[in-house]
Amino acid sequence: MEKKNNFMPLLVYSIKEKKNWVLLSTVIIFLTTLLIPYILRADEEFFIMLGIVELFILVFINCLVDNSFLHNESKLTYYRSKPVTLKRLIIINIVTNVVFTAYLLALIVLSVVFQGVDYEILQVFKMLIPWLLAIILLVSLSSILSGNTLMAGAMTIFNFCLPLIILLVTMFIFSILENIVRGFSADVLIDYFINNVYKLDYLYFTRYTDGSIDLAYMLLLPAVLILISWLLNKFIKRRKNENTGFIVFDGFKYFVAVLACLIIPASFSISVGKYTAMTNRIVISALLAVLSYYIIIAFIERSFRISRSSIKVFIAGMVVFTAITGGTVAVAGRYENTVPLPEDVKMAYVGNSVWSANSVTDYLEGRSDETSSFSEWKRNRSIVVYEEIDNIKLITDLHKEVLKDQTYYLDPDYYGMSNFVVAYWMKDGTILIRDYSLTPEQEQRPEHEQKNEIANKLFNSGDYKKQKFYYIYDEEYYSGRSLYAKLINLDNYSAAVEDIDLDNLREVLKKDLVNLHFEKAAFAELLMNYFMHGKETSVKEQGYALEIYEKISDEDINYLDEIYLNDIFINTLEYLK
Amino acid sequence: MLTIDDLSKKFSDFQVLDNVNINAEKSQIYGLVGSNGCGKTTTLKHIMQIYKQDEGYIAFNGEEVKENSEILKDFYYVQDTLFFPYQYTLNKLFNYEKLMYNMSEEKFEYLLKYFNIDKNKVLNKMSKGQKKQAAFVLSIAAGPKLLLLDEIVDGLDAVIKRKFWDVLIKEVMDNEMTVIISSHDLKELDNICDKVGIMHEGRILKEENLEKMKEDIKRVQFAVEGEFDAEQLKEFGLLQYVKIGSVYIVTMTGSTQDLEKYLKNTHTLLLFDKLSMSLEEIFITELGGVGYGKEK
């Protein structure tokens, strides 16, 4: 009585059954990407992007509706009693939705053509198509895993965001690590993790929206789709259709609950940063994890009574999490006191900004979009990087001093930063970045003296002056430019003297900067990123600032720097009077 | 022939099926009867492999029934809680099922007339009885070798029920179809089943040809002069007895001739009649034997 192979007829039938959705979608896409922008004479690109968002919603809903038969007993019994395997039913749904999605994408392309929008917008398809394919498969997978269509939708989002959730949990581990192991920064670690280990931009194909398709794309896309399909096949075979509840598989239920219960404490721990006491953070995080787990399990199991097995899984999950965190801390602890040999270091940074150190790495490793030279790039960001061996030695010495003692002298009248960030770009290509939280003290001790002495030496180094005061010391920069200065009266911010040719002022400024000495405030100045903040009171006494700018034309002026004329600039002030 | 050996199933910690054994012959109408929630539907869903058994063996015509096995294409299941796709007419559903079965157009058209069903009416707008008829028409048009009907006549009027049985008997006779019917309507099954399986709490208490079952379980009424101790009936396979006035009504498995002889020898027998038993009475007797319906 039976037909042997009914796949193709059923597929064609299923596609034909989509006609109402096709009509509705055509109207929606046509209205929002063509008609409304035409009537409004509005930004077409915005409406094309809106159309893409609608496409996502339509595909998502369609997939959920098509797989909803899994979540209704009589529907499931009807379809499962037919001579079509569950696997084949799911494949038919997937193929039907792929065809439907292709149709919607074609509609968007047509809208772009009719609107005359720049075809560059279609670059987003390189990310969009993998996302849509992944969503079609993930909805099927989540529907198999879930016992309820709404839960299937939620689980699709969970599964799609799973790599991001894993990243959040990793950040949580790093945030704990930075509190335990001195000098380690969660920001640095996560930056390194994302750039070198856990390349989410590849996984989510975001890097291809403005780049060309490469071999990695060609390999990764089928790999991701095969992985989801493999999981789908596994779970189709294992699905027990008699199970009801929000999530059908106990293993997956606990996997979701354990991971999800870490999201809230992770977010809390990351948001409060390392300035909250470690014990408090751990206690609050643990309480939040327990509460989140209870709420999630109570919701999934639809019971306020938590089962023994749920408690066991939670304990096991937390043991695994603690073991991973402990292992990471133990490994990192071995490098806690590492200071490299100066001769192995190619470049070094010292200051208060992890962001600066990370962006130098991004530039050096080609992750920055900048096309400018390294010198110009540093100038634009006011970042000083030391390359002379003597200065690198000074930085390693300063690093050792900080390892010995995590305090520094800060004048009570001054506002100070407490982050000491040191970064080394090694000759072998490795990078070492440390971030220490120091405690300011209002009484100078011998430990502070050494730090101040080294800081003063760095201020007087060629590396520093050439980068900080490049418009004075960098001959290459200086030659051929029209550089000027403007004397600003700080009482009313009016210009006291305008258009002072820097040619005239340069030598006087050099005379003042020849011995840049901040005395006991030097280390604090270093932490302030060399803003000369420590001399604020003397600035007020003098009452002037010097604005340096380049005159590209009469209309086009490029401001370079502002020097507050404190008591260091005696010669300059004298000259300007 | 459908064979089920030691089929067991647990839903979480609840034992739904406990070593269920069923043997339904070719061209046989098998009645699966049992108390509410005893596992009839679950058994049928296991035959269709909608549910996966924890233990046990299911075979049809000697071939093991497994998920995805080809043999399932010869089965057709009409469930108790009917489902029809949204906005489908019977004609549209027939065309859909045609993609999966070799549906007989001729039989379909004949049955539509026989049951007087409008094939172009949206199924979900039909009455409960009409839906049952529609589902039944499709199942017969599909011409399966094994037809599973779950509470198919529930809610139907007597005329339609009769029509159902007529069609079913004809199909069994013409096409050697095996039919498993689960039903609460024991009076209906009494007239149609060849064999019956009585289920209770996930177990088959008794499985027998209906005629044999009726032969095995007998009911007599008698009256004797003077006092009578019912304990004496135990040796005759006493299942249950009631005393109404001076008349004893006894359900038993032993020989009625032997009982009559015994009573004549030991008492002055005033009355002795053999009574016929319906399937319903057998069912109540069997379940009464395991305490069902005897709760105080």
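The values are calculated or read from the model by the stated rules, or taken from the named source; none is laboratory data. Because the structure is a prediction, the values reported are computed rather than measured. Using ideal geometry, Cβ is built from the backbone for each residue, glycine included, and neighbour counts are taken over all protein chains shown.
When you go through A:L132, A:L137, A:L141, A:L128 one by one, which is the residue that is closer than 19 Å to A:S229 by Cβ, under 25 Å from the mean Cα position of the chain (by Cα), in a helix (DSSP H, G or I) and more than 14 Å from chain B (Cβ to nearest Cβ)?
Testing whether each residue is closer than 19 Å to A:S229 by Cβ, under 25 Å from the mean Cα position of the chain (by Cα), in a helix (DSSP H, G or I) and more than 14 Å from chain B (Cβ to nearest Cβ) leaves just A:L132.
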Within segment B:110-148, take every residue that is surrounded by fewer than 22 Cβ atoms within 10 Å (Cβ to Cβ), over 21 Å from the mean Cα position of the chain (by Cα) and part of a loop (DSSP other than H, G, I, E, B) and give me the one that is nearest to the other protein chains (Cβ to nearest Cβ). B:M126
Picking from B:K26, B:K10, B:K107, the residue that is more than 14 Å from chain A (Cβ to nearest Cβ), surrounded by fewer than 21 Cβ atoms within 10 Å (Cβ to Cβ) and among the basic types (K, R) would be B:K26
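Are any residues in segment B:208-222 outside any helix (DSSP H, G or I) and crowded, with 19+ Cβ neighbours inside 10 Å, and if so, which ones? Show your work before the answer.
First, pick out the residues of segment B:208-222 that are outside any helix (DSSP H, G or I): B:208-209, B:217-222.
Within segment B:208-222, B:I217, B:K218, B:R219, B:V220, B:F222 qualify.
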Taking segment A:56-75 only, how many residues are β-branched (V, I, T) and within 12 Å of A:I28 (Cβ to Cβ)? 2
Restricting to segment B:29-66, count the residues that are assigned to a loop (DSSP other than H, G, I, E, B), away from every other protein chain (no Cβ under 14 Å) and surrounded by 14 or more Cβ atoms within 10 Å (Cβ to Cβ). 2
Just to verify a result, which residue in segment A:198-249, among those that are farther than 30 Å from B:V16 by Cα, modelled with pLDDT of 90 or more and among the polar types (S, T, N, Q), is surrounded by the fewest Cβ atoms within 10 Å (Cβ to Cβ)? A:T206
Any residue in segment A:78-89 that's within 8 Å of chain B (Cβ to nearest Cβ): show its pairings with residues that are among the acidic types (D, E) at Cβ separation under 6 Å, as long as the two are six or more apart or on different chains. A:P83/A:E2
For residues that are more than 16 Å from A:Y78 (Cβ to Cβ) and of a type in the set (D, E, K, R), scanning just segment B:124-140, find the one that is modelled with the lowest pLDDT. B:K128
Taking the condition assigned to a helix (DSSP H, G or I) and under 30 Å from A:R207 (Cβ atoms), does A:V65 pass? no
Of the residues in segment B:149-187, those that are buried (at least 23 other Cβ atoms within 10 Å of the Cβ) and small (G, A, S) come to B:S182
When you look at A:I300, is it under 30 Å from A:A260 (Cα atoms) and in contact with a strand residue (DSSP E or B) (Cβ under 8 Å, 6 or more places away or on another chain), yes or no? yes
For the structure I just gave you, tell me whether B:D18 is part of a strand (DSSP E or B), among the charged types (D, E, K, R) and at pLDDT 90 or above. yes
Of all the residues that make up segment B:70-87, how many are loosely packed, with under 14 Cβ neighbours inside 10 Å, more than 26 Å from A:V65 (Cβ to Cβ) and more than 9 Å from chain A (Cβ to nearest Cβ)? 0
If A:T322 satisfies every condition in (1) modelled with pLDDT under 95; (2) within 27 Å of the chain's Cα centre (by Cα); (3) surrounded by 14 or more Cβ atoms within 10 Å (Cβ to Cβ) but one, which is the exception? (3)
With respect to the numbered conditions (1) surrounded by fewer than 20 Cβ atoms within 10 Å (Cβ to Cβ); (2) touching a Ser or Thr at 6+ places or on another chain (Cβ under 9 Å); (3) within 11 Å of another protein chain (Cβ to nearest Cβ), which one is the sole condition not fulfilled by A:I15? (3)
Among the residues of segment B:67-109, write down those that are of a type in the set (A, V, I, L, M, F, W, C) and not in a helix (DSSP H, G or I). B:F75, B:V78, B:L82, B:F83, B:F84, B:L99, B:M100, B:M103
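Conditions (1) within 30 Å of A:G211 (Cα to Cα); (2) aliphatic (A, V, I, L, M); (3) in contact (Cβ under 8 Å) with a residue 24 or more places away in the chain, marked per residue:
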| position | (1), (2), (3) |
| --- | --- |
| A:A330 | no, yes, no |
| A:P340 | no, no, yes |
| A:A357 | yes, yes, yes |
| A:S375 | yes, no, yes |
| A:V384 | no, yes, yes |
| A:I389 | no, yes, yes |
If we keep only residues of segment A:67-77 that are in contact with a helix residue (DSSP H, G or I) (Cβ under 8 Å, 6 or more places away or on another chain) and at the interface with chain B (Cβ under 7 Å from one of its Cβ atoms), then the residue farthest from B:F83 (Cα to Cα) is A:T77
Of the residues in segment A:363-415, those that are among the charged types (D, E, K, R) and assigned to a helix (DSSP H, G or I) number 10
Scan of segment A:68-92 for residues that are under 14 Å from A:S14 (Cβ atoms), of a type in the set (K, R) and part of a helix (DSSP H, G or I), ordered by number: A:R88
Are there helices (runs of 4 or more DSSP H) fully within segment A:514-577 with at least 3 residues that are within 33 Å of the chain's Cα centre (by Cα) and modelled with pLDDT under 85? List them. A:522-527
So is A:K240 within 14 Å of chain B (Cβ to nearest Cβ) and either assigned to a helix (DSSP H, G or I) or within 30 Å of the chain's Cα centre (by Cα) (or both) or not? no
Identify, from the list A:L104, A:L64, the residue that is surrounded by 15 or more Cβ atoms within 10 Å (Cβ to Cβ), touching a Gly at 6+ places or on another chain (Cβ under 6 Å) and either β-branched (V, I, T) or away from chain B (no Cβ under 14 Å) (or both). A:L64
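How many of the residues in segment B:54-63 are among the charged types (D, E, K, R) and closer than 21 Å to A:R239 by Cβ?
Of the residues in segment B:54-63, 2 are among the charged types (D, E, K, R) and closer than 21 Å to A:R239 by Cβ.
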In segment A:1-57, residue farthest from the chain's Cα centre (by Cα) [restricted to those that are acidic (D, E) and in a helix (DSSP H, G or I)]: A:E44
